[in-house]
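A.B. asks: Let me give you the structure first, and then I'll get to my questions.
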Amino acid sequence: MSLIISVSGLRGVVGQSLTPEVAVRYAAAYAAELPGGPVLVARDGRATGAMIAAAVQSALAAAGRRVIDAGVAATPTVGVLLREQGCAGAVQVSASHNPAEYNGLKLFSKDGRVIPAAAGEAVVRRYQAGDFGWAAHAGVGATRRLGDTVSAHLQRIKPLVDTDRIRPRKFRVLLDANHGAGAVLGRPLLEDLGCEVTALGEAPDGRFAHTPEPTAANLVEVAARVKAAGADVGFCQDPDADRLALIDETGRYVGEEYTPAVCIDHVLRQTPGPVVTNCSTSRMAEDLAERHGVAFHRSAVGEANVVDKMLEVRAAIGAEGNGGVIAPRVGLVRDSFVGMALVLDAMAARGLPLSALVDELPRYAIHKAKVAIDPQRIADAFAALEAEFVTAGSAAVASRLDGLRIDWPDEKKWLLVRASNTEPIVRVFCEAPTEGEAESTAAVAQRCLAAV
């Protein structure tokens, strides 16, 4: 695999596309773009994390930066800590949901969010040009270890929910951290909320017990353990703990699309305000915003784009459909811990099990596919899709916010086609009230794309 470089960082296979040299050069380029101040460095628990983090810390110190070493910490925790410590920025060493051989660097801005696109592009240009320098002897930065990496994040989450109504319920929770960073804060948070916690993969050593992405196929055994343990809920995180998938008390995999929906519904029952999701997230969020009488907004795909729109409209909550809930009162990062707290609060407030909360939500089916296509033909492909679907007399509405999205509002159906940043393919997403309708619409789109 080649190195994947984006505006928010980079990712690759350790020892192949991602080497200590790459990490050093990228960290130095990032340091050259930051305002004055220390830089926080953390990692998500992967076996190679300590090695990559050491390279990053060395580069930052050599570039004249004071470094704060947060050790193993979740990605949303990094967003909180850098603000608490008055840092100019932060680097999280993580490959998110990718397999064990991968690792990467995720960059943060001083306001505690994943670096915005323009700033990220400047780092990429500097990295590619090799335009960075090293401090003289007297200017080399020192490194200090941060002792408590849990309390600041925990204390920001607690006011978001009613702890007095959660604690007496003594919820039985199975937490699947899968040997990533999630249990570092996950157990203290859940125990503070009065939960009886069973943790799987608690040690953050990167020895994943199952494929890291928290999908239904990867969580079959975990779902069985939730039911066997008589747990009220199963919380399943990806390695850097910014995504959360749910398993209900019956052992049913609820999934990542429903995590934002449960949280959005609960938040809007108490704190009405605008809702933001990206354009590939289920329309459940739009339906819930309409149900609660608040504004709904879509952004381009990508956490930074969701946060940009949230700040613009002063959103009460934002999310991406991969289980990423963003609560601005806590931070501007997708946060599995916020998701857990809100789900427990919803269960306590309504006096209902998770299965009942989920069954109340609007139900849709999403079908996903991909089509190989020459990148030079993308514009023609989008034009062909519009000609196919957005015809005279059709209720379909097209948007080029991110790729091509076509909505059928009356049918509560949408189609999104986006070009991959790493492969000569386009990804096709279609959501509709039934699986058959979603699959058939996607199939028409695939045929149209293949003919270009």
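The values are calculated or read from the model by the stated rules, or taken from the named source; none is laboratory data. Nothing here was measured: the structure is a model prediction, and the numbers come from that model. Here the Cβ is made from the backbone with ideal geometry for all residues, glycine too, and neighbour counts use every protein chain on show. Note: accessible area is taken over every heavy atom of the protein model, side chains too, but ligands, DNA and RNA are not part of it. Shrake-Rupley method; radii C 1.70, N 1.55, O 1.52, S 1.80 Å.
A.B. asks: Can you spot the aspartates and glutamates whose alpha carbon is less than 18 Å from Lys170's alpha carbon? Ignore those fewer than 8 places along the same chain.
C.D. replies: Correct list for Lys170: Asp162, Glu191, Asp192, Glu196, Asp232, Asp248, Glu249, Asp345.
A.B. asks: Based on alpha-carbon positions alone, could you give the equivalent ellipsoid semi-axes of the stretch 80-146 from the gyration tensor, as √(5λ), descending, whole Å?
C.D. replies: 21, 19, 15
A.B. asks: First compute the accessible area of the chain with a 1.4 Å probe, then give the percent of it belonging to carbon and sulfur atoms.
C.D. replies: Exposed carbon and sulfur together represent 49 percent of the surface.
A.B. asks: Using 0.36 nm times the number of residues separating Ser420 and Arg169, minus their current alpha carbon distance, what extension gain do you get?
C.D. replies: Going from the current span to full extension adds 85.8 nm.
A.B. asks: Work out, step by step, the length gained on full extension between Lys370 and Ala209: first 0.36 nm times the residue separation, then minus their alpha carbon distance; give nm to one decimal.
C.D. replies: In short, 55.1 nm is gained.
A.B. asks: Once all Cα-Cα distances of the stretch 143-294 are split into 5 Å bins that start at 0, what whole-number percent is in each one?
C.D. replies: 2, 9, 16, 19, 21, 17, 12, 4, 1, 0, 0
A.B. asks: Oh, and also: If I stretch the segment between Ala349 and Asp131 completely, what's the gain in nm (0.36 nm per residue apart, minus their alpha carbon distance), one decimal?
C.D. replies: 73.0 nm is the gain from fully extending Ala349 to Asp131.
A.B. asks: Which value, in Å², gives the accessible area per residue of the stretch 100-221 when a 1.4 Å probe is used on the protein heavy atoms?
C.D. replies: The answer is 48 Å² per residue.
A.B. asks: Out of every Cα-Cα pair in the stretch 315-392, what percent are more than 18 Å apart?
C.D. replies: Of all Cα-Cα distances in the stretch 315-392, 65 percent exceed 18 Å.
A.B. asks: Sort the stretch 1-156 into rounded, prolate or oblate with this rule: let a ≥ b ≥ c be the square roots of the eigenvalues of the Cα gyration tensor; rounded if a/c is under 1.5, and if a/c is not under 1.5, prolate when a/b is larger than b/c, oblate otherwise.
C.D. replies: In terms of gyration-tensor shape, rounded.
A.B. asks: How big is the gap, in Å, between the Cα center of the stretch 232-263 and the Cα center of the stretch 147-224?
C.D. replies: The stretch 232-263 and the stretch 147-224 have Cα centres separated by 11 Å.
A.B. asks: Solvent-accessible area of Val13, probe 1.4 Å, all protein chains present, reported in Å² to the nearest ten, please.
C.D. replies: 10 Å²
A.B. asks: When DSSP assigns beta bridges and you keep just the ones with both residues in the stretch 14-143, what percent turn out antiparallel, to the nearest 5?
C.D. replies: Of those bridges, close to 30 percent are antiparallel.
A.B. asks: A further question on this structure: List the relative contact order of the stretch 181-306 as a percent without decimals, with contacts defined as Cα pairs under 8 Å and 6+ residues apart.
C.D. replies: For the stretch 181-306, the relative contact order is 16 percent.
A.B. asks: Taking a 26 Å limit on the Cα-Cα distance, which of the listed pairs Lys110/Lys370; Lys158/Lys227; Lys106/Lys413; Lys158/Lys368; Lys370/Lys412; Lys227/Lys413 fall beyond it?
C.D. replies: Lys110/Lys370; Lys158/Lys227; Lys106/Lys413; Lys158/Lys368; Lys227/Lys413
A.B. asks: Find which of Ala152, Leu200, Val233 sits farthest along the positive direction of the dipole of the stretch 135-234, computed with +1 on the beta-carbon of Lys and Arg, -1 on that of Asp and Glu, about the Cα centre.
C.D. replies: Ala152
A.B. asks: Could you let me know the centre-to-centre spacing of the stretch 317-377 and the stretch 414-441, using Cα atoms, in angstrom?
C.D. replies: Their Cα centres are 19 Å away from one another.
A.B. asks: For the stretch 329-452, what does the alpha-carbon gyration tensor say about shape, rounded, prolate or oblate, given a ≥ b ≥ c as the root eigenvalues, a/c under 1.5 as rounded, and a/b over b/c as prolate?
C.D. replies: Cα axes put the stretch 329-452 in the prolate bin.
A.B. asks: With Cβ to Cβ distances under 13 Å as the rule, what net charge do the other residues near Leu311 carry (K, R +1; D, E -1)?
C.D. replies: Cβ neighbours under 13 Å give a net charge of -1.
A.B. asks: To continue, here is another question. Suppose each label sits 7 Å from its Cα in the direction of the beta carbon; what would the Glu196-Ala229 distance come out to in nanometres?
C.D. replies: Going by the 7 Å Cα→Cβ label model, 1.2 nm.
A.B. asks: Using 7 Å Cα-to-Cβ label points, what is the Arg329/Glu290 separation (nm, one decimal)?
C.D. replies: The two pseudo-label positions are separated by 2.7 nm.
A.B. asks: Within the stretch 1-80, what percent of beta bridges assigned by DSSP are antiparallel, to the nearest 5?
C.D. replies: Close to 35 percent.
A.B. asks: Peptides 115-121, 316-322, 131-137: what's the order by average Cβ count within 10 Å, highest mean first?
C.D. replies: 316-322, 115-121, 131-137
A.B. asks: Please work out whether the stretch 20-91 counts as rounded, prolate or oblate from its C-alpha gyration tensor, where a ≥ b ≥ c are the square roots of the eigenvalues and a/c under 1.5 means rounded, while otherwise a/b larger than b/c means prolate and anything else oblate?
C.D. replies: oblate
A.B. asks: Rounded to the nearest 500 deg cm²/dmol, what is the calculated helix-only ellipticity per residue at 222 nm for the chain, with -39500 (n - 2.57) per DSSP H run of length n ≥ 4?
C.D. replies: Using -39500 (n - 2.57) per qualifying helix, the result is -11000 deg cm²/dmol.
A.B. asks: What do the square roots of 5 times the Cα gyration tensor eigenvalues come to for the chain, in whole Å, largest first, as semi-axes of the equivalent ellipsoid?
C.D. replies: Over the Cα atoms of the chain, the ellipsoid semi-axes are 34, 30, 20 Å.
A.B. asks: Just want to confirm a number: the relative contact order over the stretch 276-396, from Cα pairs under 8 angstrom separated by 6+ residues, in percent.
C.D. replies: 19 percent
A.B. asks: How high is the FRET efficiency from Arg377 to Ala216, r the C-beta distance, R0 30 Å, rounded to 0.05?
C.D. replies: 0.35
A.B. asks: Further question: Taking N as the number of residues in the stretch 383-431, what value does Rg over Cα atoms divided by 2.2 N^0.38 Å take?
C.D. replies: In units of the 2.2 N^0.38 Å rule of thumb, it is 1.18.
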